[in-house]
Amino acid sequence: MSGYLISMGWKQQLGAKLRRERKSAGISLRGLGGLIKASPETIRQYERGRLPDADKLARIAVALGISEIELDHLRISIADIRARKSESVGEQLRLDFAGEYARSKAIVKIRPGSVSVIVTGFRVGNVRS
């Protein structure tokens, strides 16, 4: 099979990262399962590429001390909000359009348990780095 490059999909990359972090922390499948209220078999499935729901992923990340996961072109940031309850809330959302983007439009939909932001009007051909 030499000469073949087998690349992992992002779900498998996520599972491999979770497994590395769990082993690095010295936590068994059963131990992590106990921390997040899941069976060892469920943890094994996550580590093999089954995608946990957002709540489970956040619980796993907090249990393993992971604050950010990068996969291909995707970055997932996780923060334990229980540690920030005493902080003042302050500014939660700010959309600032200036210059080339003054004609852009943002639609913010806030529903119980979800927030979506849709930004339109960017001219891709003029994007500068």
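When each of the peptides 70-78, 108-116 is scored by how many other beta carbons lie within 10 Å of its residues on average, the order from highest to lowest is 70-78, 108-116.
Determine the sum of side-chain charges near residue 44: Lys and Arg each +1, Asp and Glu each -1, restricted to other residues whose C-beta is under 11 angstrom from that of residue 44. Before the final figure, lay out each step's value.
Values: positive: 19, 22, 30, 48, 50; negative: 41, 47.
Once all neighbours under 11 Å are counted, the net charge is +3.
Taken along the Cα-to-beta-carbon direction at a fixed 7 Å, the label points for residue 16 and residue 53 span 2.8 nm.
Look at the dipole of region 10-81 built from charges on Cβ: of 31, 73, 62, the Cα furthest out on the positive end belongs to 31.
None of the figures in this text is laboratory data; all of them are computed from the coordinates on show. Values in this document were obtained by computation on a predicted structure and should not be read as measured data. Heads up, the Cβs are rebuilt from the backbone with ideal geometry, glycines too, and the neighbour counts pull from every protein chain shown.
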